[in-house]
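Student: Following this message is one structure expressed as structure tokens.
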Amino acid sequence: MTGSTRMTDETGQQRVVITGMGAVSPYGAGAPALLGALAEGRSAIRPIEDFDASGCTCTHGARVPHGSLTALTGSNNLRRAPRGTQYTMIATEEALRAAGYGPSTWSAERVGVFLGTYRAMAEVSQDIWHRIITSEPRFVQPLLFQETVTNAVASALSIHWGWRGTNYAISAGNACGFQVLALAAHALRSGRADAIIAGTFDLFTAATHYDMNDIGVLSDSNVSRPFDSRRDGFIMGEGAAVVVLETLASARARGATILAELAGLGVAHDGHGFATHHPEGRGLASALSQALRDAGLAPNEVDYVAAASNSTQSLDRAEVTALRTALGSAAGSVPLSSLKALTGEAESASDMFNLLACIGAVRGGGLPVQVGTEQPEFELNLVRQPQAQRPVRAALASSYSFGGNAGAALVRAL
């Protein structure tokens, strides 16, 4: 059905499309900055300078460069806002510009905001407790507490633009981005909204970095090398990414530029354990299969996979097994790469980074290069030279969280 002008799919459901995207990543502000760096294979991982990480075996991270956002936060009166709010607001503004948004584009009651986050406002909570411990509780500004709740950023978006539709904030581990997309697609198809602002954000702090280091999931060698036999853990990353979703009928009616179709979605839980992945990738295999069925595509019709693997032993093995279950023999031939070798593990933000990479791929951009994987443990078609790959018509993004949540999204060119 690629390129079809039909407004519904084979099951009669409204087709959902992406008309805008935006990002704040370890490469700075803008989706082009993210996608360009990924296609070049340029790493954002560097020594941490924002806080003292000398007590950790891992001293590197993929932090958002604050200097690159100074003009944007100043012009949007965001300078005093928490970083999570800053990043998501900037990404949303970019996505809305791409979608051709104006005050009369949609009725305020018909615009929803669906955001996912793993850590929520952990940085604000850390700041509050630091003040309590080092001074006294009475010196903590009361308004800071309302910035710690999971829905703080989602509410900030609706308040800023005056939207009065459904406002969701979802926390479901690293894979909540695909849950956000699934809920958004359902809201659009059921007629509850004309547009959904869907996205994720996460950032890391000294506390979360030390926590992950103490658990033993960070790289002792300060290198992220997914699928490599020498992998020893991940590097933490951060950021925010947002897409504008609407039905194909709505987008065509207003003459919007359509970036891609959100053709297939899958979400699942492997029901296995809290701090590990099912050894056969049970949850992810289910999510991948759901996304393929939803899109009506055969495994050999997938042209690129943006993988969830983050350079940990359990996730990389589980994902490879899940891919083989869902894609069969195509798992070893489809071009594949993990962005986390370049961006670090940005938790829920990585979901949407993967989605944006797939959108870029079906729009003719270069595929993210797999760096760091010099001794691959698995038989995979890792992307080494993106320009040498065949044209991408359908791309599959995946996510798999500690605790079992898994998700997948398939985007298709129109």
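The values are calculated or read from the model by the stated rules, or taken from the named source; none is laboratory data. For clarity, every value in this text was computed on a predicted model and none was experimentally measured. Using ideal geometry, Cβ is built from the backbone for each residue, glycine included, and neighbour counts are taken over all protein chains shown. Quick note on the areas: whole protein, heavy atoms, side chains included, nothing else; ligands and nucleic acids left out. Shrake-Rupley method; radii C 1.70, N 1.55, O 1.52, S 1.80 Å.
Student: Could you tell me the relative contact order of the stretch 249-310? Use alpha-carbon pairs under 8 Å, at least six residues apart, and round to a whole percent. Mind dumping the intermediate values first?
Tutor: On the way: 45 pairs, mean separation 20.0, N = 62.
Rounded, it is 32 percent for the stretch 249-310.
Student: Now a separate question. Would you mind checking which residues have amide H under 5 Å from F234's amide H? H placed 1.01 Å from N; only 5 or more apart, or other chain.
Tutor: HN-HN under 5 Å from F234: L218, S219.
Student: What's the local net charge at G366, with K and R +1, D and E -1, over the other residues with C-beta under 15 Å away?
Tutor: Working: positive: R42, R363, R384, R390; negative: E40, D303.
Neighbourhood net charge equals +2.
Student: Still on this structure, I have one more. If you average the sequence gap of Cα pairs under 8 Å that are 6 or more apart and divide by the length of the chain, what percent do you get for the contact order?
Tutor: On the way: 1045 pairs, mean separation 97.0, N = 414.
For the chain, the relative contact order is 23 percent.
Student: By the scheme Lys and Arg +1, Asp and Glu -1, what is the net charge of all other residues having a beta-carbon under 14 Å from that of T312?
Tutor: Taking every other residue near T312 into account, the sum is -3.
Student: In addition: What nm value, rounded to one decimal, do you get for the distance between R254 and A275 when each label is placed 7 Å out toward the C-beta?
Tutor: The modelled label-to-label distance comes out at 4.8 nm.
Student: Compare D214, D316 by solvent-accessible area with a 1.4 Å probe and give them largest first, with all protein chains kept in place.
Tutor: Values: D214 120, D316 0 Å².
Highest to lowest solvent-accessible surface, that is D214, D316.
Student: Place the peptides 45-52, 338-345 in order of packing, highest mean first, counting for every residue the other Cβ atoms within 10 Å and averaging per peptide.
Tutor: On the way: 45-52: 14.5, 338-345: 30.0.
Per-residue Cβ counts within 10 Å, averaged per peptide and sorted highest first, yield 338-345, 45-52.
Student: Same structure again: Set the Förster distance to 25 Å, then compute FRET efficiency between T70 and R46 from the Cβ-Cβ distance, nearest 0.05. Numbers along the way, then the final one.
Tutor: On the way: r = 19 Å, r/R0 = 0.76.
Rounded to the nearest 0.05, the efficiency is 0.85.
Student: A follow-up question, please. For the stretch 225-373, what relative contact order do you get, as a whole percent, if you take Cα pairs closer than 8 Å and at least 6 residues apart? Walk me through the intermediate numbers first.
Tutor: Values: 225 pairs, mean separation 50.4, N = 149.
It comes to 34 percent, rounded to a whole number.
Student: Based on alpha-carbon centroids, what's the gap between the stretch 331-392 and the stretch 36-70 in Å, whole number please?
Tutor: Going from one Cα centre to the other spans 20 Å.
Student: Still on this structure: Going by a ≥ b ≥ c, the root eigenvalues of the Cα gyration tensor, does the chain fall in the rounded group (a/c under 1.5), the prolate group (a/b larger than b/c) or the oblate group? Present the calculation step by step, with values, prior to reporting the outcome.
Tutor: Working: a/c = 1.64, a/b = 1.07, b/c = 1.53.
Here the chain falls in the oblate category.
Student: Roughly speaking, to the nearest percent, how much of the chain's 1.4 Å accessible area is carbon and sulfur? Provide the component values of the computation, followed by the final result.
Tutor: On the way: 7850 of 15430 Å².
Roughly 51 percent of what the probe reaches on the chain is carbon or sulfur.
Student: So, one more: Counting DSSP beta bridges with both partners in the chain, what percentage is antiparallel, nearest 5? Spell out each step's value before the answer.
Tutor: Working: 38 of 60 bridges.
The antiparallel fraction comes to roughly 65 percent.
Student: Same structure, new question: Could you state the accessible area per residue of the chain in Å², with a 1.4 Å probe and every protein chain left in place?
Tutor: Values: 15430 Å² over 414 residues.
For the chain, the solvent-accessible area averages 37 Å² per residue.
Student: Still on this structure: What order, most packed first, do the peptides 13-20, 398-405 have when packing is the mean number of other Cβ atoms within 10 Å of each residue? Could you put the intermediate results ahead of the total?
Tutor: Working: 13-20: 22.6, 398-405: 25.0.
Ranked by mean Cβ neighbours within 10 Å, highest first: 398-405, 13-20.
Student: While we're here: What's the FRET efficiency of T105 with Q385 using the Cβ-Cβ distance as r and R₀ = 35 Å, to the nearest 0.05? Walk me through the numbers before you get to the answer.
Tutor: Values: r = 40 Å, r/R0 = 1.15.
The pair T105/Q385 has a calculated efficiency of 0.30.
Student: Another question, then. Check which residues have an amide H placed less than 5 Å from A172's amide H, if you skip close sequence neighbours.
Tutor: Counting only residues 5 or more places away or on other chains, the set is T117.
Student: On to the next question. Mind checking the full-extension length gain between R363 and S329? Use 0.36 nm per residue of separation minus the Cα-Cα distance, one decimal, nm.
Tutor: Numbers: separation 34, 0.36 × 34 = 12.24 nm, distance 2.60 nm.
Full extension of this stretch gives 9.6 nm more.
Student: Now, a different point. So how do 184-197, 150-163 stack up, highest first, on mean other-Cβ count within 10 Å? Before the final figure, lay out each step's value.
Tutor: Working: 184-197: 21.0, 150-163: 18.5.
Going from most to least packed, we get 184-197, 150-163.
Student: Would you give the gap between the C-alpha center of the stretch 395-414 and the C-alpha center of the stretch 259-313, rounded to a whole Å?
Tutor: 5 Å
Student: Follow-up question, since we're still on this one. Go ahead and estimate [θ] at 222 nm for the chain from helices alone: -39,500 (n - 2.57) per DSSP H run with n ≥ 4, summed, over the residue count, rounded to 500. Mind dumping the intermediate values first?
Tutor: On the way: 12 runs with 134 residues, N = 414.
Estimated from H runs of four or more residues: -10000 deg cm²/dmol.
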